[in-house]
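Computed from the coordinates by the stated procedures, all read-outs in this text should not be read as laboratory data. Values in this document were obtained by computation on a predicted structure and should not be read as measured data. As a convention, Cβ positions derive from the backbone with ideal geometry for all residues, glycine included, and neighbour counts pool all protein chains shown.
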Amino acid sequence: MNNQKTTIFSLFLLMATMGFAQNDDDQYITFNDRKNVVHGVYLGLSTYFGEIEGEDTYIGGLKVAYVANRQFEVGFMANVLYSEQNIFNPRTNNNDDIVAVYGGLHLEPILFGKRRVSLSFPILIGGGGVGYVDHDAVVRDENVDLNDDDIDAVFVLEPGMNVLFNISRYVQLEAGFRYRMSSRIELAQSPVDRLNGFSGGVGVKLGVFNMGRNRYKKHLD
């Protein structure tokens, strides 16, 4: 008799537990990867304005990066720089401006990445080429030809600080400043030794910033 009571009680307890679990499933949605890394990838475009030797300088950038857990970015960045130096070149009797193309490894630690507004510290480590172009030809939108004597290779290190605005899962805006440091420019009769200088600007990132996002058990209203 006791065994029958025990069996009936066990079946009742099992049915009650199953019923509670069914009700619980109606009220909650359960996820199972609380500690997984949140992955993200994006394509970014940016435009910056600054100075080199006191002259207006414009920079356009393109980057592709992977984002780990909304805390760290690693990828590749390429920049095109144009500086209105208007320097007289005795070799060509032209007034020349500086143009440079450089790129390399992009690293960016992020603070408060899960918030609507976060802070980051990007750095670019790489190199490229720098040269002079005819200022008047650029103003007239003419084709500019460069030869090996007009171009020099440079190493570039460019740290900075950004404020990030997390608009949605797919869009992020950035605004900030950076300081560009380069190796010495070794071109004949170049009055500019380096590409060093501050610049500030804005950018947009398009991609997916939280693929496989962290999950948890959440009550449904």
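So the label point goes 7 Å from the Cα of His39 along Cα→C-beta, right? Which residues of segment 58-72 then have their backbone N under 12 Å from it? Inside the label zone: 66-69. Semi-axis lengths, largest first, of the ellipsoid equivalent to segment 51-101 are 36, 11, 6 Å, with √(5λ) applied to each eigenvalue of the Cα gyration tensor. Between Glu53 and Ala137, the FRET efficiency estimated from the beta carbon spacing at R0 = 22 angstrom works out to 0.55. Each label point was placed 7 Å from the Cα along the Cα-to-Cβ direction; for Leu157 and Val64 their separation is 2.8 nm.
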